[in-house]
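The values are calculated or read from the model by the stated rules, or taken from the named source; none is laboratory data. Only a predicted model underlies this, so the values are computations on that prediction, with no experimental measurement involved. Cβ coordinates were reconstructed from backbone atoms using ideal geometry, including for glycine residues, and neighbour counts include every protein chain displayed. Heavy atoms of the whole protein, side chains included, go into the accessibility calculation; ligands, DNA and RNA do not. Shrake-Rupley method; radii C 1.70, N 1.55, O 1.52, S 1.80 Å.
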Amino acid sequence: MSDTKYVMAIDQGTTSTRAIIFDHKANIIATGQKEHEQIFPRAGWVEHDATEIWVNTREVVGQALGRASLQNSDIEAVGITNQRETAVVWDKRTGEPVYNAIVWQDTRTQKICDELGALGGGAERYKDRVGLPLATYFSGPKIRWILDNVEGAREKAEAGHLAFGNTDSWVLWNMTGGPDGGVHVTDVTNASRTMLMNLDTLSWNEEIAGEMGIPVSMLPEIRSSSEVYGEGRAKGLLAGVPIAGILGDQQAATFGQACFEVGHAKNTYGTGNFMLINTGTEIVPSKNGLLTTVCYKIGDADAVYALEGSIAVTGSLVQWLRDNLGIISSAPEIEQLAASVEDNGGAYFVPAFSGLFAPYWRSDARGALVGLTRFVNKGHIARAALEATAFQTREVLDAMNADSGVDLTELKVDGGMIANEALMQFQADILGVDVVRPKIAETTALGAAYAAGIAVGFWSGEQDVIDNWAEDKRWTPQMDTDERDRQYRLWKKAVTRTFDWVDDDVR
Ligand code: ADP
């Protein structure tokens, strides 16, 4: 394949939308990026304006092409990766969203989840079919909330006028024509986060959709992660270019990190943390608080599955120190503040801001900073905030080892927080295994680019991904076992202090 052609990834993330152009060797040629507004209407609610996201998508694609001085015809294929679970419901006749997108971190659907669980089975009600516990995190209950609370929405949905999608479907539908023939599909990885898809048949479960009051007609068609879904039709925006890959962001990173064999795992450190371990074509139910999810499906090949440990708050705790406490003025500044002290001074910070996800799934938890004395200063708090990421990751790794029956020997990492070298060393210390950073850290966008490039023959397959992957840096554990165990024990004690906080009348 000629080196003069490129693949573009559109990464529709939680805080921003990016377009990245890669060459055949997976080098980044150009990037466009734009943040969108985080809307917090009340405690626990998190929304995005889906129209703003679409406008930003157009803009960042133009930025990337412009910076690389490329035209549509230079782009062989486009792959989409996206924040998962975030729910958009729009009117197919007008292209207007009926409500803001309800974001994955949003906890407003607690009551809906409780009511569904009360039908029998509690939080495990759908787990054997969809691999997920009933939790506010997933899309299904968010769709239900919109249909219940937006005037006229349910009637329109029943009349077949509304469409649901995660932001992959929303962007794809708009790119392929919107109200004028837009393609309404999603891929198996995104569908596996809705609570509505059977993991074994990879099709919508009509019984669950019925219980949630969601007309199946509004759901996108489920396709593989790597095939041509349609081509760009929006005026001037990648017209004629095939859109040929979709992977949810964490699955895309797993693909970009070349985790193709059973037992290969990666951990992404972004707004939250997400560790995925490849379990091959086997659907492995978790006994230790992990999710069973689809990892990827390349064209007609069998689907590959994964176990996932999702942590809601890691990098966003650093943002919180910056935006809500003001003790740092930028995220990287936390490194200096944390280095101003020798250790955490006895302080442990459990950021259960959206309850606790893996491995606890405790929606009744709320954040706590414990172990405080007059000695503790803001340096210790910064340190405790960073350490929280490493301790939460250890809990997920323990769950993975227990579920898979084999101990992971090293962990591939990516995401914004891995720029923090002291944190990566502490992570290796607390895990007791090597932590490995790849040369190309943009693994999420890269994974989506690979899925698209493989579909059109730009890359021949997984071997190209493996060949392009290279190690950049490795951190090896240095802490002695007694100290590791002591700190981890205190962390676990701190976690128990966050439980049972939310009472029925808590606002
Ligand atoms: P996402 O894709 O989820 O939006 P990124 O992978 O871009 O996130 O990572 C950004 C996160 O990393 C932010 O939450 C930010 O607070 C955190 N971050 C960035 N630099 C540092 C640093 N030097 N130390 C700790 N955290 C950092």
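The residues in segment 12-70 that are aliphatic (A, V, I, L, M), more than 24 Å from Gly272 (Cα to Cα) and assigned to a loop (DSSP other than H, G, I, E, B) can be counted, and the count is 3. Being in contact (Cβ under 8 Å) with a residue 60 or more places away in the chain and not assigned by the TED database to the domain that holds Phe138 is a property that holds for Ser354. Put simply, of Lys266, Lys287, Lys235 the only residue that is free of Cβ contacts under 8 Å to residues at least 12 places away in the same chain and of a type outside the set (Asp, Glu) is Lys235. Kindly list the number of the only condition in (1) modelled with pLDDT of 95 or more; (2) among the aliphatic types (A, V, I, L, M); (3) open to solvent by 50 Å² or more (accessible area, probe 1.4 Å); (4) farther than 23 Å from Asn166 by Cα that fails for Ala30. That leaves (3) as the condition not met.
Sub-6 Å Cβ pairs linking a first residue in segment 374-387 that is at positive phi to a second residue that is part of a loop (DSSP other than H, G, I, E, B) and within 13 Å of the ligand (Cβ to nearest atom), at least 6 apart or interchain, number zero.
In segment 108-133, the residue that is nearest to the chain's Cα centre (by Cα) out of those that are under 12 Å from Gly289 (Cα atoms) and surrounded by 14 or more Cβ atoms within 10 Å (Cβ to Cβ) is Leu132.
Whether any residue in segment 216-223 is touching a His at 6+ places or on another chain (Cβ under 8 Å) and not small (Gly, Ala, Ser) is what I want to check. Yes, some residue in segment 216-223 is touching a His at 6+ places or on another chain (Cβ under 8 Å) and not small (Gly, Ala, Ser).
Whether any residue in segment 26-46 is within 16 Å of the ligand (Cβ to nearest atom), among the acidic types (Asp, Glu) and touching a strand residue (DSSP E or B) at 6+ places or on another chain (Cβ under 6 Å) is what I want to check. Checking segment 26-46: at least one residue is within 16 Å of the ligand (Cβ to nearest atom), among the acidic types (Asp, Glu) and touching a strand residue (DSSP E or B) at 6+ places or on another chain (Cβ under 6 Å).
Here Val55 clears all of (1) within 15 Å of Met175 (Cα to Cα); (2) hydrophobic (A, V, I, L, M, F, W, C); (3) open to solvent by less than 60 Å² (accessible area, probe 1.4 Å) except the condition numbered (3).
Got at least one residue in segment 63-71 being in the same structural domain as Ala101 (by the TED database), modelled with pLDDT of 95 or more and within 15 Å of the ligand (Cβ to nearest atom)? The answer is no; no qualifying residue exists.
When restricted to residues that are touching a helix residue (DSSP H, G or I) at 6+ places or on another chain (Cβ under 7 Å) and not in a helix (DSSP H, G or I), segment 448-500 contains 7. For segment 1-25, filtering for residues that are β-branched (Val, Ile, Thr), away from the ligand (no atom under 12 Å from the Cβ) and open to solvent by 10 Å² or more (accessible area, probe 1.4 Å) leaves 1.
Kindly indicate whether Val89 is modelled with pLDDT of 95 or more, open to solvent by less than 10 Å² (accessible area, probe 1.4 Å) and farther than 15 Å from Asn166 by Cα. No. Within segment 36-52, being open to solvent by 50 Å² or more (accessible area, probe 1.4 Å) and closer than 19 Å to Val313 by Cβ holds for Gln38, Phe40, Arg42, Ala43. Residues in segment 60-73 that are free of Cβ contacts under 8 Å to residues at least 60 places away in the same chain and surrounded by fewer than 16 Cβ atoms within 10 Å (Cβ to Cβ): Gly66, Arg67, Ser69, Gln71.
Looking across segment 142-178, the residues that are hydrophobic (A, V, I, L, M, F, W, C) and open to solvent by 30 Å² or more (accessible area, probe 1.4 Å) come down to Trp145, Ala159. Looking at Thr393, Thr389, just one residue is at pLDDT 95 or above, under 25 Å from Thr14 (Cβ atoms) and more than 13 Å from the ligand (Cβ to nearest atom), and that residue is Thr393. Which residues, counting only those in segment 421-447, are within 23 Å of Gly245 (Cβ to Cβ) and either part of a loop (DSSP other than H, G, I, E, B) or within 11 Å of the ligand (Cβ to nearest atom) (or both)? Listed by number, the residues that qualify are Lys439, Ile440, Ala441, Glu442, Thr443, Thr444, Ala445. Exactly one residue out of Ala382, Ala331, Ala339 is more than 25 Å from Tyr137 (Cβ to Cβ), within 16 Å of the ligand (Cβ to nearest atom), open to solvent by 30 Å² or more (accessible area, probe 1.4 Å) and in contact with a helix residue (DSSP H, G or I) (Cβ under 8 Å, 6 or more places away or on another chain): that is Ala339. The residue that is farthest from the chain's Cα centre (by Cα), among those in segment 245-265 that are closer than 21 Å to Trp104 by Cα and open to solvent by less than 10 Å² (accessible area, probe 1.4 Å), is Ile246.
Residue by residue, here is whether (1) assigned to a loop (DSSP other than H, G, I, E, B); (2) at pLDDT below 95 holds:
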{"residue": "Glu261", "(1), (2)": "yes, yes"}
{"residue": "Phe274", "(1), (2)": "no, no"}
{"residue": "Ile277", "(1), (2)": "no, yes"}
{"residue": "Cys295", "(1), (2)": "no, no"}
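Taking the stated definitions as given, is Gly346 modelled with pLDDT of 95 or more, more than 16 Å from the ligand (Cβ to nearest atom) and not polar (S, T, N, Q)? Criteria met by Gly346.
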